[in-house]
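Some notes on the structure that comes next.
Every number here is computed from the coordinates shown, using simple stated rules; none is lab data. What you see is a predicted model; the values in this text were computed from it and never measured. Ideal geometry is used to build each Cβ from the backbone, glycine not excepted, and the neighbour counts take in all protein chains shown.
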Protein chains: 2
Amino acid sequence: MAGALPRSPLAPDHFPDLPVIKGVRFATASAGVKYKGRTDVMLAVLDPGTTVAGVFTRSKTRSAPVRDCQAKLGTDPSQAAAILVNSGNSNAFTGHYGQTSVTEIVSAVSNITAAPQSRVYTASTGVIGEPLPHDRIVAKLGELNAGLDETALEAAAAAIMTTDTFPKGAGAEVTIDGKTVKIAGIAKGSGMIAPDMATMLVYIFTDAQVEQAALQAQLAEICNCSFNCITVDSDTSTSDSLMLCATGASGVDATGNAEFAQALEGVMMDLAHQVVRDGEGATKFVEIQVTGAVSDAEAKTHGMAIANSPLVKTAIAGEDPNWGRVVMAIGKSGAEADRDRLSISFGDVLVAEKGWVSPTYKEEDGAAQMKQDEITIKVDLGLGDGTATVWTCDLTHQYISINADYRS
Amino acid sequence: MAGALPRSPLAPDHFPDLPVIKGVRFATASAGVKYKGRTDVMLAVLDPGTTVAGVFTRSKTRSAPVRDCQAKLGTDPSQAAAILVNSGNSNAFTGHYGQTSVTEIVSAVSNITAAPQSRVYTASTGVIGEPLPHDRIVAKLGELNAGLDETALEAAAAAIMTTDTFPKGAGAEVTIDGKTVKIAGIAKGSGMIAPDMATMLVYIFTDAQVEQAALQAQLAEICNCSFNCITVDSDTSTSDSLMLCATGASGVDATGNAEFAQALEGVMMDLAHQVVRDGEGATKFVEIQVTGAVSDAEAKTHGMAIANSPLVKTAIAGEDPNWGRVVMAIGKSGAEADRDRLSISFGDVLVAEKGWVSPTYKEEDGAAQMKQDEITIKVDLGLGDGTATVWTCDLTHQYISINADYRS
């Protein structure tokens with residue numbers, strides 16, 4: 001079904017011009033894992049010295065590739081590394097056969113590249129519970145290895161898509177000690193999006209030098225305010241994987257550097273938002289800003305309760321400024337709220353305050369806000385200093401069609 | 001929009017023949033709170049001596065009538081009592097005006113019936129955040145009081161409907177010490193259904209004598225395995241109210257009686273299932289049986305994760321035996337699971353076991369199960385003795401239409 005869906009109305013105009021990251025090369029191929037007439041495997045080969053950090057789903061039923069990657073973080077960075085991703089089949093809930101497929105692929109990738117098996121990371125995304133035809137992937141490794149190209153990141157972003165309607169990329173350049181450090185990343189994700197630790201598949205590369213433990217800590221921290229703050233449908237994938245690879249080719253040590261952290265956060269936030277913009281059936285991009293909560297954690301609980309409410313999301317799809325449903329979601333979230341201190345705005349329009357509709361509110365002002373493609377819902381609890389911002393999309397007929405009418 | 005929707009395909013053939021409960025009389029009227037051409041207020045008057053128990057939403061933004069009822073449980077049962085319910089407007093998030101409306105209605109009901117204000121319970125259901133035109137309700141109280149009738153329970157069930165497509169009732173008779181005790185109840189609910197303490201509006205009457213504290217404890221206990229185990233859309237109402245009134249007119253003391261408890265549980269379970277059968281847009285009634293969990297609480301966590309998953313619910317709508325999405329929901333629930341001990345069946349068809357699809361499973365067998373109107377999903381975690389059963393419906397285009405295209 002990939003390719004069968006129209007491009008999201010919230011998609012960016014074009015794939016961004018990404019900086020080339022020295023020390024990593026990409027190739028794609030059509031292995032026919034499930035889809036016909038498109039690429040479905042991506043190989044990335046990383047030079048010796050690259051540090052690798054990763055964050056993965058906490059799902060109790062996570063896939064064999066996820067478990068394999070988790071076991072391989074923090075291995076000796078002195079040798080080359082490789083990442084092999086396929087789309088069309090998630091190799092999740094495939095019993096012992098799942099690990100067999102991972103082992104076969106890792107062994108073959110190690111044989112054809114300079115990467116030891118302990119530095120070969122794989123990921124699979126697509127249907128759950130069907131055996132992965134790993135022979136088809138292994139058969140393409142010679143072609144992939146011969147075609148490695150440092151400029152092929154857009155093709156890589158396209159090869160890992162499933163129900164995505166556009167390839168997702170983001171990049172940044174930052175100057176440290178007079179030298180330029182580059183960051184470029186790709187992501188896939190459209191449905192089954194409510195990351196609990198990372199989201200879907202995300203690969204970010206930088207030519208900075210960053211010590212592995214610092215890289216891992218930085219990735220996890222930024223993940224909490226980017227990928228872990230988005231939801232399309234409250235469902236969490238068995239394959240969520242986010243990896244960050246620092247090749248060090250710039251010769252610049254960015255460990256602990258604030259500008260680097262800021263640039264990395266920008267790239268991760270951009271990719272996270274693109275996943276929401278490609279949410280299955282999405283027609284509205286929604287930012288929910290929560291302030292005045294008892295704590296940041298409680299602010300996020302309120303934000304996610306609003307973002308995951310089917311009644312809020314269908315109201316947005318219908319362009320209905322139905323703030324009563326926002327009140328409902330706050331009430332059910334489990335976090336602290338006081339009806340009489342609560343205020344709610346749609347964009348800059350104050351809708352409700354002090355436990356009731358604002359005396360200045362006009363329904364036509366709320367309705368005008370809801371007609372926008374991008375909607376901001378602001379909630380102030382009036383209780384403390386806790387804040388959070390989360391992102392979601394609307395819930396439309398197209399979401400039902402995508403998920404009821406096909407097996408994805 | 002009430003009445004505009006076609007009757008749910010999962011609705012029972014007709015309203016049940018309910019036993020008449022001595023000691024309580026009902027009347028309905030058309031006050032024009034919001035709807036035209038239908039009844040929208042219901043008055044029940046209870047004889048002196050009736051004990052009253054109630055369970056209410058724990059929403060932090062719960063309505064003024066809910067707060068008022070909560071404060072009035074356990075008042076002296078020696079005098080008459082009354083219940084006044086309106087549909088079309090929930091009187092929730094209406095600031096201080098909300099309590100004013102409650103006070104006006106309670107005062108007027110008390111004046112016209114023999115019930116003291118401390119024994120007048122009200123409920124309002126419908127749109128959130130609009131002032132309740134309580135004058136229209138008060139103006140109908142004379143008509144209501146003159147029309148009180150002990151046989152008018154079906155009319156009462158119809159008057160409290162909002163997006164419901166059929167009135168919901170259930171009853172039972174039980175013999176205690178050679179005498180007959182009767183139970184009859186009504187419910188409304190269709191969307192915003194994920195009760196956290198009770199659900200929507202439910203009123204149950206019995207002619208048993210039951211001491212108030214015992215009645216309250218029994219209601220709360222049964223609520224946990226009936227109304228608190230259903231979900232339509234994971235959203236929790238600001239108005240959820242469940243009340244149980246024991247008139248004592250049978251002269252039979254049923255306090256602590258096991259047969260009475262069993263009959264009451266049957267009535268409550270029946271009403272809870274009718275709410276699911278009238279879930280907005282529902283075409284499938286789904287029972288999820290979870291066994292082998294670490295605890296009953298963890299079993300319920302797994303069950304509700306499956307029942308609330310949009311991807312599971314859309315697969316059911318599409319009659320797709322997509323057990324991979326059940327695996328996903330178990331994985332994300334947060335409760336303990338071991339992929340290699342898990343087994344999943346659709347009805348009597350074993351689909352997956354030991355971390356993979358069962359060798360005996362045939363896709364056509366799973367597909368045949370999904371074509372039924374009533375579907376059972378069985379999950380065994382293989383970890384312990386914890387069990388839970390929860391109920392839900394599918395997620396269809398009609399749910400989106402109901403909630404995106406109208407303000408309900």
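Table for the structure above
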{"read-out": "Principal axis dimensions, largest first and in whole angstrom, of the stretch A:149-307 by Cα", "value": "45, 40, 25"}
{"read-out": "Dipole moment magnitude, nearest 20 debye, the stretch A:285-405 about Cα centre, only Lys, Arg, Asp, Glu C-beta charged", "value": "300"}
{"read-out": "Rounded to whole Hz, the Karplus (6.51, -1.76, 1.60) HN-Hα couplings of the stretch A:260-270, x for glycine and proline", "value": "4, 4, 5, 5, 5, 4, x, 5, 5, 5, 4"}
{"read-out": "Cα coordinate range in the stretch B:24-277, projected on the principal axes (Å, largest first)", "value": "49, 40, 31"}
{"read-out": "Karplus (6.51, -1.76, 1.60) ³J(HN,Hα), θ = phi - 60°, over the stretch A:108-113, in Hz, Gly and Pro reported as x", "value": "5, 5, 4, 5, 8, 10"}
{"read-out": "Total charge dipole magnitude, the protein assembly as shown, about the Cα centre, Cβ charges on Lys, Arg, Asp, Glu only, Debye to nearest 20", "value": "380"}
{"read-out": "Label point 7 Å beyond Cα along the C-beta direction, distances from residue A:100 to other copies (nm, shortest first)", "value": "7.4"}
{"read-out": "Segment residue B:78-residue B:13, length gained on full extension (0.36 nm per residue, minus Cα span)", "value": "19.4 nm"}
{"read-out": "Spatial separation of Cα centroids for the stretch B:314-339 and the stretch A:175-243, in angstrom", "value": "25"}
{"read-out": "Relative contact order, percent, chain A [alpha-carbon distance under 8 Å, six or more residues apart]", "value": "18"}
{"read-out": "Charge context of residue B:30, other residues only, Cβ under 12 angstrom, K/R +1, D/E -1", "value": "+3"}
{"read-out": "Distances in nm from residue A:70 to the matching label points in the other copies, shortest first (labels 7 Å along Cα to Cβ)", "value": "3.9"}
{"read-out": "Listed residues A:125, A:387, A:75, most fluctuating in chain A (Gaussian network, C-alpha, under 10 Å)", "value": "A:75"}
{"read-out": "Residue (of A:112, A:237, A:139) at the positive-pole extreme of the stretch A:24-277, dipole from beta-carbon charges", "value": "A:139"}
{"read-out": "Given charges at Cβ of Lys, Arg, Asp, Glu: the stretch B:24-277 dipole, positive-most of B:247, B:224, B:193", "value": "B:193"}
{"read-out": "For residue B:362, inter-copy label distances in nm, listed shortest first [label point 7 Å out on the Cα-Cβ vector]", "value": "6.7"}
{"read-out": "Spin-label model distance (nm) - residue A:175 vs residue B:224, 7 Å beyond Cα toward Cβ", "value": "6.5"}
{"read-out": "Structure-based [θ]222 nm, the protein assembly as shown - -39500 (n - 2.57) summed over DSSP H runs of at least 4, per residue, nearest 500", "value": "-9500 deg cm²/dmol"}
